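First comes the structure, then the notes that go with it.
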Amino acid sequence: MSGAPRRTHEGFVRRYGVIIVWVVVIIVFSLLRPKTFPTASNFETLLASQAPLGILSLALLIPLSAGDYDLSVASVLTLSGMIVAILNVNHGMNVWLAALVAVLVGAAIGLLNGIICVGAGIDPFIVTLGMGTVVNGVTLWISNSTPVSGISQSLVNMVVVHRIGGLSVEFFYLMIAAAVIWYLFEFTPAGRRILVVGRGREVARLSGMRVKRIRILAFVAAGFVGALAGVVYVGTSGSADPTAGTTLLLPAFAAVFLGSTTISPGRFNAWGTMVAVYFLTTGISGLALLGVQTFVQQLFYGGALVIAVLLSGITRRSKRHKDASQLPTEPQQPGDAGTSNGSGTPGQAVASQSPPSGGSVLGTGGE
Amino acid sequence: MTEAASGPLLSIRNLTKYFGASPALDDVSMSVGYGEIRGLVGQNGSGKSTLIKCLAGYHAQDLEWRLELPGKELTRALRPGEITAFGVAFVHQDLGVLGDLSVLENLLLTEFANDHRRYIGWGKERARAKEIFKQFGLDLDPAAKLSTLRPVEQAQVAIVRAVLQLRSAKQADHPGVLVLDEATTFLDRAGREGMYDLLRAVAAEGSGVIFVSHDINEVLKVCDAVTVLRDGRVVADAPSSELTHDDLVSLIVTGKRGVEVVSRTARREKVPVASSSQGSLEVEGLSGDLLSDVAVTVHPGEIVGVTGIVGSGWELVVEFLCGARRAESGSCRLGGKSIDLREMSPDKALALSMVYVPSDRQREAVVPDLSLRENVMQPVLGNSFEKGRLRLRRLTAACKEVLEQYAVVPAEPSMPIGLLSGGNQQKAVLAKWLQTDPLYVLLNEPTQGVDIGARQRIYELVRAAAARGAAVIYASADWEEVAAISDRVVVISEGKVAERIEGASISVDAIAQAAYLGMRRSADLSKAAALLEDL
């Protein structure tokens with residue numbers, strides 16, 4: 001995989017740190033709750049139940065890679081689920097057709113986000129924060145603020161009831177979604193373009209990339225995938241809750257940022273995100289089995305997000321220093337008058353660049 | 001104008017500064033007196049910026065000098081910013097003002113930086129600002145948003161702020177020294193008068209002013225005395241009244257006074273490498289920002305240098321041409337097509353096989369955190385995309401080959417490009433574009449911040465691209481390299497083509513003459529216009 005550190009002991013720890021911690025967490029909980037935690041059924045639940053969160057995280061990953069925040073994805077998830085429920089339950093529409101409508105609405109919201117942020121050049125952080133709230137409002141409006149249940153069993157069957165190897169099919173949907181995102185960013189020129197757009201917008205523009213179109217499409221993709229997560233979400237329970245998504249936004253962010261510290265450290269990546277999703281879920285479920293109160297969930301998710309961003313910043317910096325010290329030194333000719341407005345030494349330049357994952361996204365928000 | 005009186009206020013004695021083995025400044029002495037406006041002029045590379053950086057404390061190594069200020073004498077290098085405490089303030093080219101803030105907030109910016117007050121009395125501060133504006137004869141509204149001011153007024157705010165800085169820093173009754181480091185470069189000529197008045201008012205208070213500029217006319221107009229640097233040495237130190245425009249041009253270009261510097265009229269027709277105009281790039285009527293009505297033609301296999309002094313707008317030629325910035329008007333003909341340059345964009349340029357190497361490498365050309373492979377192979381990703389996916393192994397191998405071919409060290413595709421030296425980054429950027437065998441190559445200061453060895457290699461790469469049939473425009477402020485590499489040189493002065501120099505007539509001196517003389521011509525014209533108005 002690209003951007004991988006050298007095959008050293010340290011590199012291994014850096015790259016698989018989250019996985020190692022995950023395994024440690026599993027061992028600790030297994031020792032503390034040997035009867036309930038390390039059981040097949042607990043692991044089956046753990047793996048399968050996180051499909052909506054996982055898919056939502058993948059949705060978030062796309063605009064983040066392009067350098068844009070999308071705070072509205074979780075609201076899109078909720079709205080999408082509610083659309084499926086209302087069309088199917090209240091209007092008797094075929095559930096698959098309803099799902100198609102929901103996904104198209106999600107993409108349309110993404111398009112609107114993209115047009116406002118990119119077309120009008122407004123900070124996506126604010127735009128999508130507002131858009132998310134509007135979408136939440138619409139969800140409450142169309143549902144009369146009450147949950148809608150009784151969604152067609154055919155959807156529920158296709159999400160949780162059918163099992164492959166003991167696991168609900170939703171787990172495999174998540175893995176397929178992760179594979180698609182991984183493939184997009186790793187094996188297609190389009191994915192590489194998104195990456196460059198996210199890291200250096202001006203570089204991308206001057207390299208002949210159509211930066212605006214790429215950014216807008218990333219928002220559209222986020223809306224589309226976020227809505228898919230909503231369809232899976234209602235499939236898990238057969239009902240839609242008008243406030244379901246609000247609790248998923250922060251875990252999704254935590255997963256994507258924590259994911260950027262592993263597998264391909266230093267960049268948002270699909271498999272790292274999957275690892276992070278399961279690491280976080282394991283922690284939560286273990287804590288629940290220990291009987292701690294629910295507010296601990298918030299502490300856990302919130303703390304994980306902050307620590308993830310901190311970690312990704314630290315690992316990147318130390319990696320840089322290490323790599324830099326291994327370089328053969330070359331004489332630098334300091335420029336005089338003609339080059340005084342030049343770009344300085346590479347060391348300075350690297351140091352002045354904002355961290356690629358969390359920081360760069362924050363830094364480029366205003367464009 | 002005030003007289004220089006009672007000895008120097010600030011003096012630099014025997015400043016020698018080495019970069020490696022070569023001296024950038026060689027035994028330079030210069031002083032500025034009470035109430036004196038001292039011009040500092042010289043070509044690019046003459047050592048002006050180095051001198052200013054020594055004062056500002058950005059060059060600590062290999063530096064020898066004696067710095068004398070009232071009641072203070074130093075022989076050591078300064079720390080960055082240290083000199084402000086001794087009553088020296090700088091106004092740089094970018095002015096250091098924030099457009100979103102008000103005039104008053106901009107004025108107080110530096111004070112806030114070291115301020116421990118708990119409360120800001122805005123009413124009082126506004127009154128103080130009005131007071132000082134009045135004192136300097138400025139008509140500025142402290143509450144206005146800075147970006148709504150004209151560029152000259154913004155510069156005035158920056159200068160007033162520097163004066164406030166001097167006042168708060170200076171000990172006892174010693175006036176301070178204001179250093180204007182090419183701060184007028186991007187101001188339109190029309191409004192600069194207000195700036196000169198302000199400088200004179202500052203000098204009238206007893207402060208010294210060091211005025212660094214490329215513009216000979218304004219130096220002669222505003223300065224009491226001028227120091228001319230050439231190749232790191234002082235070649236002249238004289239009162240402005242004893243200098244003519246021609247003297248200064250001659251001193252800047254040749255280091256001697258009285259060398260007859262005449263406009264070159266002989267123009268030889270050069271036979272292009274490819275005789276047909278097929279594949280030529282013809283730009284006409286290119287205007288926008290500082291540029292007006294520029295025409296440039298490049299034939300396949302040819303390297304055309306575009307240059308001028310800082311602030312003349314030479315770099316805009318390539319920026320407009322590739323669509324990095326939008327031109328206000330202009331067209332270009334290439335490959336039998338005529339393209340409106342108002343509609344140009346980098347992706348359209350690329351579709352026409354026109355590539356652009358930007359001058360600001362860190363911001364515009366590379367993504368430092370991404371690997372060499374991801375940076376360099378970006379334009380040719382399609383070649384490794386097969387059967388639905390990128391063949392990463394093949395891409396890496398191809399990248400290694402390209403890096404070796406372009407002598408990028410280390411040729412390690414997985415290395416983040418930001419870890420390479422400036423020269424190697426630039427070679428990698430050239431590799432990125434030249435591997436596509438483009439028909440048109442636009443280079444904007446391709447050797448900026450690049451060491452000597454890499455420079456040579458870059459010249460070779462550019463020549464090789466031309467030899468393969470590319471039409472190359474080489475825009476650079478470094479006249480030596482432009483003279484060395486170009487088949488023809490277009491010299492821009494005040495936004496217009498001042499001179500086209502070809503073949504054997506190309507030399508640094510010829511470029512310098514054209515660049516500075518172009519300025520005199522337009523000065524003469526404006527003088528003539530003024531005379532006509534008087535009639």
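Close amide-amide hydrogen proximity is noted between B:Met415 and B:Leu372, B:Arg373, each under 5 Å apart and 5 or more residues distant or on a separate chain (H modeled in the peptide plane; Pro and chain starts excluded). Angle between the Cα long axis of helix B:192-204 and the longest principal axis of chain B, 0 to 90 degrees, nearest 10? So the inclination is approximately 40 degrees.
For the residues of B:383-394, the average number of beta carbons from a partner chain within 10 Å of their own beta carbon is 2. Note on B:Glu328/B:Asp100: beta-carbon distance plugged into 1/(1 + (r/R0)^6) with R0 of 25 Å gives a FRET efficiency of 0.45. Here the Karplus relation 6.51 cos²θ - 1.76 cosθ + 1.60, evaluated at θ = phi - 60°, turns the backbone of the stretch B:128-133 into coupling constants of 5, 5, 4, 4, 6, 4 Hz, with x for every Gly and Pro. Relative to the current alpha-carbon distance between B:Arg118 and B:Asp141, full extension at 0.36 nm per residue lengthens the span by 5.7 nm. Amide H contacts under 5 Å for B:Ala498: B:Val491, B:Ile492, B:Ser493, restricted to partners 5 or more places along the chain or on a different chain, H placed in the peptide plane at 1.01 Å from N. Restricting the GluC sites (Glu not before Pro) of the stretch B:57-128 to loop positions (DSSP other than H, G, I, E, B) with no more than 12 neighbouring Cβ atoms within 10 Å leaves nothing.
Taking 18 Å as the limit for the C-alpha separation, the pairs B:Lys53/B:Lys256; B:Lys17/B:Lys53; A:Lys212/B:Lys348; B:Lys256/B:Lys496 exceed it in the case of B:Lys53/B:Lys256; B:Lys256/B:Lys496.
When the P(r) of chain B is calculated, the portion above 41 Å amounts to 29% of the C-alpha pairs. Estimated from the Cβ-Cβ distance and a Förster radius of 25 angstrom, the FRET efficiency linking B:Asp509 and B:Asp237 is about 0.65. Over chain B, dividing the summed -39,500 (n - 2.57) contributions of all DSSP H runs of at least 4 residues by the number of residues returns a 222 nm mean residue ellipticity of -10000 deg cm²/dmol. According to the Cα-based calculation, Rg over Rh for the stretch A:1-130 is 1.11, with Rh computed by the Kirkwood formula. This ranking places A:Ile116, B:Ile492 by how few other beta-carbon atoms lie within 10 Å of each, fewest first, which gives A:Ile116, B:Ile492. Estimated from the Cβ-Cβ distance and a Förster radius of 25 angstrom, the FRET efficiency linking A:Ser154 and A:Leu250 is about 0.20.
Taking 7 Å steps out from each Cα toward its Cβ at B:Ala467 and A:Ala108 produces label points 6.2 nm apart.
Here the scattering of the stretch B:325-442 is modelled by Debye summation over its C-alpha atoms, one equal scatterer each and no solvent; at q = 0.11 Å⁻¹ the log10 of I(q)/I(0) is -0.42. Of the residues B:Val253, B:Val317, A:Val180, B:Val508, the one with the fewest other Cβ atoms within 10 Å heads the list, and the complete ranking is A:Val180, B:Val508, B:Val253, B:Val317.
Value of Rg to Rh for the stretch B:1-134, rounded to two decimals, is 1.04; Kirkwood radius and Rg both from alpha-carbon coordinates.
A simple rule links phi to the HN-Hα coupling: the Karplus curve 6.51 cos²θ - 1.76 cosθ + 1.60 with θ = phi - 60°, which for the stretch B:18-33 gives 9, 10, x, 8, 9, x, 7, 9, 10, 6, 8, 10, 6, 9, 9, x Hz, with x for Gly and Pro. Peptide packing for B:419-428, A:274-283 was compared via the average number of neighbouring C-beta atoms within 10 Å per residue; ordered from the highest value, the list is B:419-428, A:274-283. Label positions at A:Ala190 and A:Leu290, each projected 7 Å from the Cα along the C-beta direction, are separated by 4.4 nm. Between the C-alpha center of the stretch A:189-235 and that of the stretch B:44-67 there is a gap of 47 Å.
Basic side chains Lys and Arg get +1 at the Cβ, acidic Asp and Glu get -1 at the Cβ, and with that the dipole of the stretch A:51-247 about its Cα centre reaches some 620 debye.
Mean partner shielding of peptide A:191-204, defined as the number of other chain Cβ atoms within 10 Å of each residue Cβ, is 5.
Roughly speaking, what % of Cα-Cα pairs in the protein assembly as shown are separated by over 47 Å, rounded to a whole number? So the pairs more than 47 Å apart make up 37 percent of the total in the protein assembly as shown.
The HN-Hα couplings worked out from phi for the stretch B:411-417 by the Karplus form 6.51 cos²θ - 1.76 cosθ + 1.60 (θ = phi - 60°) are 7, 10, x, 8, 6, x, 5 Hz, whole numbers, x standing for Gly and Pro. Note on B:354-367: average number of Cβ atoms from other chains within 10 Å of each residue's Cβ is 6. Entry note: the stretch A:143-259 has Rg to Rh equal to 1.07, where both radii use alpha-carbon atoms and Rh is the Kirkwood radius. Relative to the longest principal axis of the Cα atoms of chain B, helix B:103-113 runs at roughly 90 degrees. Look at where the Cα atoms of the stretch B:125-185 and of the stretch A:139-183 average out, and the two centres are 65 Å apart.
When each of A:Leu290, A:Leu79 is scored by the number of other beta-carbon atoms lying within 10 Å, the sequence from fewest to most is A:Leu290, A:Leu79. Note on A:Ser237 and A:Ile164: the model spin-label points, each 7 Å out from Cα along the C-beta direction, lie 2.6 nm apart. Checking the a/c ratio against 1.5 first, then a/b against b/c, what shape does the Cα gyration tensor give for the stretch A:51-247? Note, shape of the stretch A:51-247 comes out oblate. How far is helix B:508-534 tilted off the main Cα axis of chain B, in degrees rounded to 10, range 0 to 90? Roughly 60 degrees between the two axes.
Read-outs: derived from the displayed coordinates by stated rules, not from any lab. All values derive from a computational prediction rather than experimental measurement. When we count neighbours, we look across all protein chains shown, and the Cβ atoms used for this are built from the backbone with ideal geometry, even at glycine.
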